[in-house]
């Protein structure tokens, strides 16, 4: 089940007024997608430059686990936390930009594997997401075209995120697997 943008907004209101649900989820997803081994609510609080409040810490902890599970699903069920389609397009575009900006910050903060681990496709996806952080809603004559463009951008971000996560999760797990002996023990000399 996907996290609910409006429920998260409700829980953040008054506690983290400058932090939107999209920005929070983008930061969490960026950290998780970076190949960082373990993240927790303190990592997110540090990234977002805010003190961890118990209610928000619980929310962040649940979001980390839910997002990690979605990113690991083979059915590509992951969805960025964004306002629903009945929200004004301008607000959705702004939220997507916030999500992408926070994703990029989270990814940069957690990425320790080296540029070679990204590969050309990963670097391109990350650059595209970073460019989308500057999204602004520009009025156009054809709202239907704008709506379609928005949906295509969300789908691109969704798939790029899943691809980065899977690629870097596999890469991050390889050194651990390499340390294991074929018999299941470790290769550490005692």
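Within the range 107-116, being modelled with pLDDT under 95, buried (at least 17 other Cβ atoms within 10 Å of the Cβ) and assigned to a helix (DSSP H, G or I) holds for 109, 110. Sub-9 Å Cβ pairs linking a first residue in the range 8-21 that is in contact (Cβ under 8 Å) with a residue 60 or more places away in the chain to a second residue that is in a loop (DSSP other than H, G, I, E, B), at least 6 apart or interchain, are 8/20; 8/81; 21/3; 21/4; 21/81; 21/82; 21/83, ordered by first then second residue. So for the range 50-58 (the condition being surrounded by 15 or more Cβ atoms within 10 Å (Cβ to Cβ), assigned to a helix (DSSP H, G or I), touching a residue at least 24 places away in the same chain (Cβ under 8 Å) and touching a helix residue (DSSP H, G or I) at 6+ places or on another chain (Cβ under 6 Å)), does at least one residue qualify? So far as the range 50-58 goes, no, none of its residues is surrounded by 15 or more Cβ atoms within 10 Å (Cβ to Cβ), assigned to a helix (DSSP H, G or I), touching a residue at least 24 places away in the same chain (Cβ under 8 Å) and touching a helix residue (DSSP H, G or I) at 6+ places or on another chain (Cβ under 6 Å). Taking the criterion of being surrounded by 17 or more Cβ atoms within 10 Å (Cβ to Cβ) and either modelled with pLDDT of 95 or more or under 18 Å from the mean Cα position of the chain (by Cα) (or both), the residues of the range 122-149 that qualify are 122, 125, 126, 129, 132, 133, 135. Note on the range 59-92: residues that are touching a residue at least 12 places away in the same chain (Cβ under 8 Å) and surrounded by fewer than 13 Cβ atoms within 10 Å (Cβ to Cβ) amount to 1. If only residues of the range 12-44 that are over 15 Å from the mean Cα position of the chain (by Cα) and assigned to a helix (DSSP H, G or I) are counted, the one that is nearest to residue 100 (Cα to Cα) is 12. The set of residues from the range 1-44 being at pLDDT 85 or above and over 22 Å from residue 129 (Cβ atoms) comprises 4, 6, 7, 9, 10, 11, 12, 38, 40, 41, 42. Pairs meeting the criteria (first residue in the range 113-134 and at positive phi, second residue in a helix (DSSP H, G or I) and surrounded by 14 or more Cβ atoms within 10 Å (Cβ to Cβ), beta carbons under 9 Å, at least 6 apart or on different chains) are 119/167.
The values are calculated or read from the model by the stated rules, or taken from the named source; none is laboratory data. These numbers were taken from a predicted model, which means no experiment stands behind them. Glycine also receives a Cβ, built like all others from the backbone with ideal geometry; neighbour counts cover every protein chain displayed.
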